[in-house]
Amino acid sequence: MGYTKLANSILTSTIWMEDDHTRIVWLTLLAMADKNGETQASIPGLANVARVPVESCRAAIAKFLSPDPD
């Protein structure tokens, strides 16, 4: 079982202002991360663990990979 420390600054981050599915996928990735901060999963597998639709998971990952203007 892994351990992920969360800083309270996530609550004021731009990702926290995103839709529910995006936030859930983000938190799921954090919870699944190994000691190197890496998560290994297919998009359908990640969507299943996060309990969001696959297309919502794909959209969330696209947001994570996009530049954040703020």
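Here mean projected area of the Cα convex hull in nm² was calculated from the structure, and among (1) 5.0; (2) 4.3; (3) 4.7 it sits at label (1). Evaluate the Debye formula for region 24-63 with equal point scatterers sitting on the alpha carbons, no solvent, and hand back log10 of I(q)/I(0) at q = 0.16, 0.31 Å⁻¹, in q order, two decimals. Each listed q maps to, in turn, -0.33, -1.10.
Counting only Cβ charges, +1 for Lys and Arg and -1 for Asp and Glu, the dipole size of the chain around its Cα centre is about 220 debye.
Taking each DSSP H run with n ≥ 4 as -39500 (n - 2.57) and averaging over every residue of the chain yields -14500 deg cm²/dmol at 222 nm.
Here the relative contact order of the chain, from alpha carbon pairs under 8 Å that lie six or more residues apart, stands at 31 percent.
Values in this text are rule-based calculations from the coordinates and carry no lab data. Everything numeric in this text was worked out from a predicted model, so none of it was measured. Glycine gets a Cβ as well: all are built from the backbone with ideal geometry, and neighbour counts include every protein chain shown.
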